[in-house]
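Following: one structure in structure tokens, then a few remarks.
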């Protein structure tokens, strides 16, 4: 299964909103600038996220977007399904012979397990816990 830029950038939007949760609305312009992404493309992704009830838009001079739920209540799988569709490693699993079908189903279930047990809160904390260490070479 390959996650497209829709899924990757959609996760970026959601992680940025989770980082600023409770600080007021965040503009897509700021998210685009901070992540070196196209604001126009992010606008296209915000609509399905809003329609799915994952984010809310705030109008006005200081408007932007906020999460519709707490970061702990939004799973990575929710975001990926909205932007990418059903999680499946191959099309037409039901047409495969039983041995291959069992493999594809195990792969699908493993991917679903990771996506459905990883919250935005987990992703924000994971990013904050990352420590950049310089490489040390010994001769």
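So here's what we get for this one:
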{"quantity": "Over the chain: helical MRE at 222 nm, DSSP H runs n ≥ 4 each giving -39500 (n - 2.57), nearest 500", "calculated": "-17000 deg cm²/dmol"}
{"quantity": "Burial ordering of 73, 36, fewest other beta-carbon atoms within 10 Å first", "calculated": "36, 73"}
{"quantity": "Approximate spin-label separation residue 95-residue 113, in nm, with each point projected 7 Å along Cα-to-Cβ", "calculated": "2.9"}
{"quantity": "Selected from 16, 70, 113 as most flexible by GNM, with the chain as the system and alpha-carbon contacts under 10 Å", "calculated": "113"}
{"quantity": "Cβ-derived FRET efficiency at R0 30 Å, residue 75 paired with residue 103, nearest 0.05", "calculated": "0.75"}
{"quantity": "Footprinting exposure proxy for 125, 40, 20 (fewest neighbouring C-beta atoms within 10 Å first)", "calculated": "40, 125, 20"}
{"quantity": "Gain upon complete extension [residue 61, residue 41; 0.36 nm per residue less C-alpha separation]", "calculated": "5.1 nm"}
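Values in this text are rule-based calculations from the coordinates and carry no lab data. Just so you know, these numbers come straight off a predicted model, no measurement behind them. Cβ coordinates were reconstructed from backbone atoms using ideal geometry, including for glycine residues, and neighbour counts include every protein chain displayed.
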